[in-house]
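Working notes, beginning with the structure itself.
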Ligand SMILES: Cc1ncc(COP(=O)(O)O)c(C=O)c1O
């Protein structure tokens, strides 16, 4: 059976990681893989997470199964974190959350629910969107289409074009939105744009599926959830995928949740029962460890406060780097305006250079970013900012590939 399978090349980001590791040059800069890095270039485990993990190991007496919905305490806490504890949809019990293996698992499970409820649904994703959205969502059998999103000329969102495209969609079309820290562009909707989008989504009766992978890493825990909270309060149905990979530093523990918001508590119960059934057929039960740690952090006042401080530090570091890299680029590339990088949120910005220039940066200067020029700003350090900006200046002056 398998003799007919073709060898395919590894995922572009995974190949980039391997090439970076193999590069012996001490000046090398990794702006490729999408993980947070501190000033030492490390991806730390937050101290609050470490403490909660030690406490968990000390008190855990069994590893028996938890159940297909995962850790129920985690599900409740994550819904409160994302929506705010007093949110109308929580008070009226219109929301259910189910633990999933990371935000990826949540995206897939959400797609499976949509496919089960309405197999001909089309999911509309931003142009561009995170590359893994495509296999995660279309793997369920749903068809994907793109709506205009990023304006490379301004570094902002082409909101009028986006709205015009969504305005043409039929009722019940699914629109995938990034809650904040858009991956790969870094360009987010403003609060005014979220409000405008809400009235469009209401009028056209669209189903929003909101991907929340970076809460707290953009403008703050509350601000990053603005659109999701607004939509959840105002619409009868919303799906949201939550990842605890970045804000809790739990990447490999595969910790996330899918939230489903329905018009009534009874409909939410029905949707949840279907999610449990679908999860049973996908992974049966999600891994417990990361969810139990997040539950420990969020339910202990001291640990929660410590985690919030650590998250603030991460966010401020990225915001500071954005300002500093704009300054360094203005000095070394005076003919090109990179000021949009400081207006972006989260770890990523679409840098806006050609693939040929990205490759020259890699080959000549050991600076690694994804071919579409997505850069992980958190991969910069004060000590390599100048080197990075000088390298970009040299590549732009050389005119590689326009
Ligand atoms: C936009 C977006 N959504 C979802 C995820 C899911 O992350 P995970 O499955 O690691 O929780 C990521 C991770 O990089 C992401 O960038």
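The values are calculated or read from the model by the stated rules, or taken from the named source; none is laboratory data. None of the values given here were measured: they were computed from a predicted structure. Glycine gets a Cβ as well: all are built from the backbone with ideal geometry, and neighbour counts include every protein chain shown.
What the table shows:
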| quantity | calculated |
| --- | --- |
| Filtered residue count, region 137-168, keeping only those that are assigned to a loop (DSSP other than H, G, I, E, B) and touching a residue at least 60 places away in the same chain (Cβ under 8 Å) | 3 |
| Tally, over region 125-134, of residues that are within 14 Å of the ligand (Cβ to nearest atom) and without any contact (Cβ under 8 Å) to a residue 24 or more places away in the chain | 1 |
| Residues satisfying the stated conditions in region 360-392, i.e. farther than 25 Å from residue 320 by Cβ and without any contact (Cβ under 8 Å) to a residue 40 or more places away in the chain | 363, 364 |
| Enumeration of residues in region 79-103 that are within 16 Å of the ligand (Cβ to nearest atom) and either within 20 Å of residue 234 (Cα to Cα) or surrounded by fewer than 20 Cβ atoms within 10 Å (Cβ to Cβ) (or both) | 81, 82, 97 |
| Residues within region 313-335 that are exposed (fewer than 14 other Cβ atoms within 10 Å of the Cβ) and either assigned to a loop (DSSP other than H, G, I, E, B) or touching a residue at least 40 places away in the same chain (Cβ under 8 Å) (or both), tallied | 3 |
| Helices (runs of 4 or more DSSP H) wholly inside region 27-124 that include at least 3 residues being touching a residue at least 24 places away in the same chain (Cβ under 8 Å) and in contact with a strand residue (DSSP E or B) (Cβ under 7 Å, 6 or more places away or on another chain) | 72-83, 102-117 |
| Test: residue in region 195-209 that is within 21 Å of residue 237 (Cβ to Cβ) and within 16 Å of the ligand (Cβ to nearest atom) | yes |
| Any hit, region 54-70, residues being within 16 Å of the ligand (Cβ to nearest atom), within 26 Å of the chain's Cα centre (by Cα) and modelled with pLDDT of 95 or more | yes |
| Any hit, region 155-172, residues being in the same structural domain as residue 94 (by TED's automatic domain parsing) and within 15 Å of the ligand (Cβ to nearest atom) | no |
| Test: residue in region 258-269 that is out of contact with any helix residue (DSSP H, G or I) (no Cβ under 7 Å at 6 or more places or on another chain) and within 16 Å of the ligand (Cβ to nearest atom) | no |
